[in-house]
1. In this structure, does V273 turn out to be surrounded by 13 or more Cβ atoms within 10 Å (Cβ to Cβ) and in contact (Cβ under 8 Å) with a residue 60 or more places away in the chain?
2. Quick one: which residue in R345, R339, R330 is of a type in the set (D, E, K, R) and within 30 Å of A217 (Cα to Cα)?
3. Given the residues A166, A233, A177, A219, which is the only one that is of a type in the set (G, A, S) and under 18 Å from the mean Cα position of the chain (by Cα)?
4. List, please: which pairs have Cβ atoms under 6 Å, are six or more places apart or on different chains, and start with a residue in region 180-206 that is closer than 27 Å to N254 by Cα and end with one that is open to solvent by 50 Å² or more (accessible area, probe 1.4 Å) and polar (S, T, N, Q)?
5. Counting only residues that are open to solvent by 10 Å² or more (accessible area, probe 1.4 Å) and either closer than 30 Å to L182 by Cα or not β-branched (V, I, T) (or both), how many does region 96-117 have?
6. So, in region 287-312, exactly how many residues are modelled with pLDDT under 95 and under 35 Å from the mean Cα position of the chain (by Cα)?
7. Can you report the number of residues in region 320-371 which are of a type in the set (A, V, I, L, M, F, W, C), more than 18 Å from R309 (Cβ to Cβ) and loosely packed, with under 14 Cβ neighbours inside 10 Å?
8. What residue, of T167, T201, T192, is of a type in the set (V, I, T), at pLDDT 95 or above, over 22 Å from E109 (Cα atoms) and surrounded by fewer than 17 Cβ atoms within 10 Å (Cβ to Cβ)?
Amino acid sequence: MKRSIELHELLRCTVAVLALALWLPAAWGQGVPTWVEQVHDFGTFKEELNTVTCTMRVVNTGDSAMVITRVQPNCGCTVAQYSHEVMQPGDTGSVTLTYNARHIPGQFEKKVLVYTSGRPRKTVLTIKGKVIGTPETVSDTYPFAVGPLRLSTGNLPLGEIYKGKATDAYISGYNTAPDTMLVSLGRDMPATISAHAVPDTVEPGGLFIISVYYRTAQARLWGLNIDTLSVLASPLHATSTATSGAAKVSVMCNVKEDFSRLGDKQRRQAPVVELSATKVDFGDVAAGTGAVERTLQVKNTGRHALKLRRLFVPGGEGITATCDQAEIKRGRTATVTLRLDPSRRRGTVVNTSLNVITNDPYTPQSLVRLVGIVH
């Protein structure tokens, strides 16, 4: 009986506490942050200003006091200061935002989260604008020129990608022209690439990107592939003083064979490449003489046929490599002929490598050092 009374009292106290919790906010009221401005546009300004500052005000339109508890910008380029005083109903508080534009030309839009003790707890403030970069900043950040348009790079390395896979990347750009420019890509785009400019109409001081999608299924070669992408720039208005421009961007990709799905049995029966040397010396070659040849043996010590995917020597070295067999059966040997043409060389010292690409899952790429002197 005593235990029943205690449980009854506990239940009654719990109900009383819940009722009090529901009654207190209504009795005490609630602060309500009402912002005079939630978006501030700095417009277009020069980078030489370094920083720009604005102040956004908030009014407590509720019936209870409140305070700004925290302000959180979404990047390090924005610094926030705010009033810490308690705002009674009808009082005003403020958040001051300073944007650092140094070395960041182009449009910007930054978000700042403001937390208060009122309702709503969180408010998003936005600052935006456009920075006209200094010639030095533009040159450092966007060194590759396409007429008055500038790109972050003229070479886009995509790294290693397995054959049949695809990847995407982008190049950022900036318009230094006094007029709006149209960005387009040439019709000579290779089969491996799909690309487009976003946006393709860029205002003075505006930013854009060239989005590139690369398909290795259409790649012509195993190993290093270098494709070119034509980028064209033209003024929007025929009467513009801005000039047109065109340039080639190199897109590079190393296409590899994917052996990850091979089982243990397939690996045991796979072909195995064995080279007769890891270094080939052309010796001393007179510049006025004809081509000099050396040979290299490639043997298959595995169980299945060894396929020579590619023999590759970097361009400009004046060296070509050919093989008398494209597929080497088990236990057989093929001969690679290396031919050095002195008239096609850029320098006197030969110091490069032959890349032998095969379907050997353990050693898909083998390097042979090539040396010599051309007098």
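The values are calculated or read from the model by the stated rules, or taken from the named source; none is laboratory data. All figures in this text were calculated on a predicted structure; none of them were measured in a lab. No Cβ is skipped: glycine too gets one built from the backbone with ideal geometry, and neighbour counts run over all protein chains shown. Remember, those area values only see protein heavy atoms, side chains included, never the ligands or the DNA or RNA. Shrake-Rupley method; radii C 1.70, N 1.55, O 1.52, S 1.80 Å.
1. Here the answer is yes, as V273 does meet what is asked.
2. R330
3. The unique qualifying residue is A166.
4. Between residues of region 180-206 that are closer than 27 Å to N254 by Cα and residues that are open to solvent by 50 Å² or more (accessible area, probe 1.4 Å) and polar (S, T, N, Q), the close pairs are A191/Q218; T192/Q218.
5. 12
6. The total comes to 1.
7. Number satisfying all stated conditions: 1.
8. Only one candidate passes the filter, namely T167.
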